[in-house]
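Colleague: First the structure, which I've put down as structure tokens, then a few questions once you've had a look.
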Amino acid sequence: MRRSERLITAWACLAGLFLWVPAVGVPMVALPLQPMDFLVLAGVPLIAINWRKLCVRLGAIAMTFVASVGMSFFVAGGEMLVLLHALALALPFILLVGITLRYPNARLGLLNGFLIGAGGSVALFFAQILIGAEALDFRTNTAFSLPPQYRRGFALFPEVSTYATHSIIALAVCICLLLHPEKTAHRPRTLIALATGLILALLLSRSTSFLVIAPLLCALAAGHARKLDSRTLLWLVLITGLGAFLLTVFFNTFYAERLETAAASRSAAMRLASVLGGLSTLWRGEVFGVGLGENQEILRRAYDIGRALDLRFGQLPQGVSSQIIARIFEEGWPAVISFAIALSFLLRTAFTRAQDPIIAALTVIAVGSFLTALLVTGYRGVYTNWLWLAIPAAALTAQHPVRRSTTPIVRPRIRKSINKDALRA
């Protein structure tokens, strides 16, 4: 293994682990930064070293990303700090993840780090449930809003729903690895134990995200791991039946309190109003959005839409409860074009069965990242929301590399002949 590959592998292992600690601030630093921020900055030289590993598809993602952010800032205005975050942190992270998928050891390290982080988060979640969330609240990153979470676990995330989405993604990864015909170094017993812990944690979380993302992502993980035959259909039926049973238990036991207090309906109404308000730039003629970081503009529009649709909710959060919708709100139509290109890569990757189980598992993470960024969280600092822009483009190149022709070029010999008839003439 070359030195550059060892470095990118080490970076990938830490990146997979740091995806689970966004709410932990780095001590003795004036700015509210998390460990992943420093890891991305430290990995920037690796981009220069491994620039040949950047594929054309990933280049298209990067160029449209820069164009969307840049046009929004220079035309519609916005906050300089948000622009710096996009260009100095989000963009290098996308490129580094894309480079990671070009090395087999590095993508295995990324997956292993993610699963180790999942196991540690599950253990901390249960400790918060048993001992008390107030006693085990280690959230110090003030870049996020850190509301109190009484009688609910959240591990090292800003709030419960963000933890729940990551746990759902990890559960789908376990299902994909268990069902894939090509086995990996991951022990089935370990994966089953982790999946069991994740299911119990999701039931105890009482998060709406479990209802929104888990059924679709787990079914896709099972279908993506195997060919569509009778055995795969049987597994899908079993997983669907188990999912229906768990959802029934979830509704009747853990979710009953939220249903009685109408907290679930208010949460759904709040998300609907904020999403429709975020999309309002598309039909109001704001081609380049309202400007980078101007999420507070969503409040008035969301309240107007709530009154028009007779939606009942309390106070709206500062911003849109969807990172994708938030970027469309801020950047306008250029963001829509950028997302359309990335979504085409994601759909092609998701509906193509990967022979490599590691790539299959990372594809499941990418789909979960997309669903989370679309339906649940709007945080820029949650790096998992950026994975769906990087993994599919690089995974397509890793599965179908461009092969150079090895056939030697045969140049025809030029025969010099004298036309005797022409000479006679």
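Each reported figure results from applying straightforward, stated rules to the coordinates on display, with no laboratory input. Bear in mind the structure is a predicted one, so any value in this text is a computation, not a measurement. Cβ placement follows ideal geometry from the backbone for every residue including glycine, while neighbour counts extend to all protein chains displayed.
Colleague: Could you put 89, 19, 211 in order, starting from the residue whose Cβ has the fewest other Cβ atoms within 10 Å?
Modeller: With the sparsest Cβ surroundings first, the list reads 211, 89, 19.
Colleague: A follow-up question, please. With r as the distance between the Cβ atoms of residue 116 and residue 151 and R0 = 25 Å, compute the FRET efficiency 1/(1 + (r/R0)^6) and round to 0.05. Display every interim value, and only then the final one.
Modeller: On the way: r = 27 Å, r/R0 = 1.10.
So, using R0 = 25 Å, E works out to roughly 0.35.
Colleague: Be a star and scan the stretch 63-99 for residues whose amide nitrogen sits under 13 Å from the point 7 Å along the Cα-to-Cβ vector of residue 337.
Modeller: The answer is 63-72.
Colleague: Relative to the present Cα-Cα distance, how much length would full extension add between residue 238 and residue 60 at 0.36 nm per residue of separation?
Modeller: Extra length from residue 238 to residue 60 when fully extended: 60.1 nm.
Colleague: What list of ³J(HN,Hα) values in whole Hz, one per residue of the stretch 275-290 in order, does the Karplus curve 6.51 cos²θ - 1.76 cosθ + 1.60 (θ = phi - 60°) give from phi, with Gly and Pro shown as x?
Modeller: My calculation for the stretch 275-290 gives 5, 5, x, x, 7, 5, 5, 6, 9, 9, x, 8, 4, 9, x, 9 Hz in order.
Colleague: Fewest to most neighbouring Cβ within 10 Å: what's the order for 383, 303, 150?
Modeller: Least to most surrounded, the residues fall as 150, 303, 383.
Colleague: Once a ≥ b ≥ c are taken as the square roots of the eigenvalues of the Cα gyration tensor of the stretch 3-399, is the result rounded (a/c under 1.5), prolate (a/b larger than b/c) or oblate (a/b not larger than b/c)?
Modeller: Rounded, because the longest to shortest axis ratio a/c is under 1.5.
Colleague: Rank these for me by crowding, 6, 152, going from fewest to most other beta carbons within 10 Å.
Modeller: Ranking 6, 152 by Cβ neighbours within 10 Å, fewest first, gives 6, 152.
Colleague: Next question. So what are the ³J(HN,Hα) numbers for the stretch 172-185, from phi and the Karplus equation (6.51, -1.76, 1.60; θ = phi - 60°), rounded to whole Hz, Gly and Pro as x?
Modeller: Listing the rounded values in order: 5, 5, 4, 4, 5, 5, 6, 8, 5, x, 8, 7, 10, 6 Hz.
Colleague: May I ask you to compute the full-extension gain from residue 245 to residue 10, defined as 0.36 nm times their residue separation minus their alpha-carbon distance, rounded to one decimal in nm?
Modeller: Length gained between residue 245 and residue 10: 80.6 nm.
Colleague: Between residue 300 and residue 88, what length in nm is gained on full extension when 0.36 nm per residue of separation is reduced by their alpha carbon distance?
Modeller: 73.2 nm
Colleague: Quick one: if the Förster radius is 25 Å, what FRET efficiency do residue 142 and residue 80 give, using the C-beta to C-beta distance and rounding to 0.05? Show your work: numbers first, answer last.
Modeller: Working: r = 19 Å, r/R0 = 0.76.
Between residue 142 and residue 80 the formula returns 0.85.
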